[in-house]
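Down below is the structure, laid out as structure tokens.
The values are calculated or read from the model by the stated rules, or taken from the named source; none is laboratory data. Because the structure is a prediction, the values reported are computed rather than measured. We place every Cβ from the backbone using ideal geometry, glycine too, and count neighbours over all the protein chains shown. Accessible surface areas use protein heavy atoms only, side chains included; no ligands, DNA or RNA. Shrake-Rupley method; radii C 1.70, N 1.55, O 1.52, S 1.80 Å.
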Amino acid sequence: VILCGAGAAIAQPSVPSMPAVKSGAVLGFADTYFVNQTSQGTPFQVRSGQLAESKCTTAAIKAYAKLMVRSPIAVNNELLAILKTKAAAPPPTLLVAAYATATMVLTLQHERGKRFDADYLRGQLDHQKANVALYKYEIENGADPDLTAFARHFLPRVQDHLARVSKLVGAKTS
């Protein structure tokens, strides 16, 4: 549980954490950045998706939310499998990122109806745009062949998530 201001707490769903891996070589900057950012996005997608499953006002948003609960965990699990074979352990998730995620989710917890839908979709749109850029960055700049292959493999899925949320945002503003 992460505690946020005035005694409010946000329950932590089971999101895989980074494993202990062999010590030795260090991942390059681009690869380390990619691993950190990819890992930090999973809790936001899962937690906000769980909220949206119960609070959204349309079946289309609910279907997208269900996808955001299951897809990032599957991707993260594959990333963890790659990292277990590496000689370098990624740095731990930053506490600031955990608080930012908790704050965003806490805000969503207090919203209802159309406002919830709009804020959830806006957060997902921003997140998916950043994810597409992140995966492209790894493909172009990563030094680790396994991580660049991972990014190449999952970029179409991330682009699909962006297209889906973009469509939902367009439907909500029309």
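Computed values, structure above
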{"item": "Qualifying positions in the stretch 140-161 - more than 20 Å from Thr85 (Cβ to Cβ) and over 12 Å from the mean Cα position of the chain (by Cα)", "result": "Glu140, Asn141, Leu155, Pro156, Arg157, Gln159, Asp160"}
{"item": "Residue match in the stretch 28-39 (condition: surrounded by fewer than 22 Cβ atoms within 10 Å (Cβ to Cβ), at pLDDT below 90 and not in a helix (DSSP H, G or I))", "result": "yes"}
{"item": "Unmet requirement for Leu106, which otherwise passes all of (1) touching a strand residue (DSSP E or B) at 6+ places or on another chain (Cβ under 8 Å); (2) at pLDDT 95 or above", "result": "(2)"}
{"item": "Selection status of Leu83, modelled with pLDDT under 90, surrounded by 15 or more Cβ atoms within 10 Å (Cβ to Cβ) and more than 17 Å from Asn36 (Cβ to Cβ)", "result": "no"}
{"item": "Options Ala60, Ala9; residue that is out of contact with any Lys or Arg (no Cβ under 8 Å at 6 or more places or on another chain), outside any loop (DSSP other than H, G, I, E, B) and modelled with pLDDT of 85 or more", "result": "Ala60"}
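Per-residue answers, yes or no, for (1) open to solvent by 50 Å² or more (accessible area, probe 1.4 Å); (2) among the hydrophobic types (A, V, I, L, M, F, W, C); (3) in contact with a Pro (Cβ under 6 Å, 6 or more places away or on another chain); (4) in contact (Cβ under 8 Å) with a residue 24 or more places away in the chain:
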{"residue": "Arg115", "(1), (2), (3), (4)": "yes, no, no, no"}
{"residue": "Gly123", "(1), (2), (3), (4)": "no, no, no, yes"}
{"residue": "Lys136", "(1), (2), (3), (4)": "yes, no, no, no"}
{"residue": "Ile139", "(1), (2), (3), (4)": "no, yes, no, no"}
{"residue": "Gly142", "(1), (2), (3), (4)": "no, no, no, yes"}
{"residue": "Leu147", "(1), (2), (3), (4)": "no, yes, no, yes"}
{"residue": "Phe150", "(1), (2), (3), (4)": "no, yes, no, yes"}
